[in-house]
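Following: one structure in structure tokens, then a few remarks.
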Amino acid sequence: MIDENMKNTNSGWVDNLIVSYLGGKASKDEILKLELWVRESDENQKYFAQSKNIWEASAGFPLSTDKALAKVLSQINAKQKGLTLWQIAQRLAAILFIPLLISMLWLYTGNEFKRSNSNITYNKVVAAFGTFSELELPDGSKVWLNAGSSLMYPDKFSSDNRIVHLVGEAYFEVHSDESIPFLVSTPYFTVKATGTKFNVRAEKDFRTPSVTLIEGKVAVQKACSDNNGGLIARLKPHEHMTYDTLSGNFNIQTGDPYKHFAWKDGKLVFRNDNISEVARRISLQYNVDIEIRGDEIKKYRYRATFENEPLSELLRLLKISSPIDYTEVKPEALPDGTFSRRKIIIYSIIN
């Protein structure tokens, strides 16, 4: 269920914008406008995610998706205080076909849902910060999920495609089946493959998500509700593509791809990477917040490989290799009884 408080931060133009975006009809200006709105608050992010779930749950059903979603978004947010789940379901029944209604009830209850015509259960795996997870999908494909990332997948793939939903970073070794494409859906694009090895980086609120191909071939497509968006690029082995989510431009580089997926082997590999990228990787690997102070330090670049190094040793090595220093901010007690994450502040020692 979408909270009434969430609707208070929302209006009809947002609903229309979401429909245009999910339908693949939004212009670059509209996409930018929607991205800015989503980033404004956690409530906006939740609202968009729920809308996207509704859209995707309706894929393959005989209804006008954008019209149905537009009605859902405008009517489900009407004042529902005091109504039972069944009363809400009755209101929705006038708008949607039964399969989509089932998915809405799942969103309301927070439980796993099953499509009535295929009896599919969806699983969600989340890798905690400071760790990574390894799993095998129903088709035998293998996935390594990086820290702070989540992957949603069905307990059984359909006969049309093998689709998984990723937020964060993951390395895939896809079981070959040319008749049933493997799709990795992210908030920014969809990666289409048959049998191959590749790394996808699509973290939340990330300006430049990327795809790195190790073996085989993949096609990177624009995000679209039917997972058949326009082609962005086709990649060859050892190619690394970065995608600018604001401009829609992309860049492809060729080189040793290992640094982009070394994390799955417990390594941090940097090859002429700036301090911002170094800090981002360290933050994920060691479950710490890192703040970089000063513009001068952002010019520094690093070439190094770290394997199973304690954080203190890693920071010491960075310190002796460039004119930087750091200080640690101890965790603070929070009102809910938990503690804030450990924080490292890195700064330049050149005046």
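Report every pair of residues separated by at least 6 positions or lying on different chains whose Cβ atoms are under 7 Å apart, first residue within region 308-336 and free of Cβ contacts under 8 Å to residues at least 12 places away in the same chain, second of a type in the set (Asp, Glu).
So the pair list comes out as Lys319/Asp325.
What are the residues in region 301-325 that are of a type outside the set (A, V, I, L, M, F, W, C) and within 13 Å of Tyr286 (Cβ to Cβ), if any?
Asn308, Glu309, Pro310, Ser312, Glu313
Of all residues in region 315-337, which are within 28 Å of the chain's Cα centre (by Cα) and surrounded by 10 or more Cβ atoms within 10 Å (Cβ to Cβ)?
Matches in region 315-337: Pro331 only.
Could you check Ile297 against (1) assigned to a helix (DSSP H, G or I); (2) crowded, with 19+ Cβ neighbours inside 10 Å; (3) under 21 Å from the mean Cα position of the chain (by Cα) and say which number it fails?
(3)
Can you find a residue that is in contact with an Asp or Glu (Cβ under 6 Å, 6 or more places away or on another chain) and in a strand (DSSP E or B) anywhere in region 179-187?
The answer is no, given that none of the residues of region 179-187 is in contact with an Asp or Glu (Cβ under 6 Å, 6 or more places away or on another chain) and in a strand (DSSP E or B).
In contact with a helix residue (DSSP H, G or I) (Cβ under 9 Å, 6 or more places away or on another chain), assigned to a helix (DSSP H, G or I), polar (S, T, N, Q) and within 30 Å of Asp29 (Cα to Cα): does that describe Ser276?
When the stated conditions are applied, Ser276 passes them.
Tell me, yes or no, whether region 48-68 has at least one residue that is at pLDDT 75 or above and part of a loop (DSSP other than H, G, I, E, B).
no
Looking at region 175-185 only, could you name the residues that are without any contact (Cβ under 8 Å) to a residue 40 or more places away in the chain and crowded, with 22+ Cβ neighbours inside 10 Å?
Selection gives Val184 alone.
The values are calculated or read from the model by the stated rules, or taken from the named source; none is laboratory data. Source: prediction; values computed, not measured. All Cβ positions, even for glycine, are placed from backbone atoms using ideal geometry, and neighbour counts span all protein chains on display.
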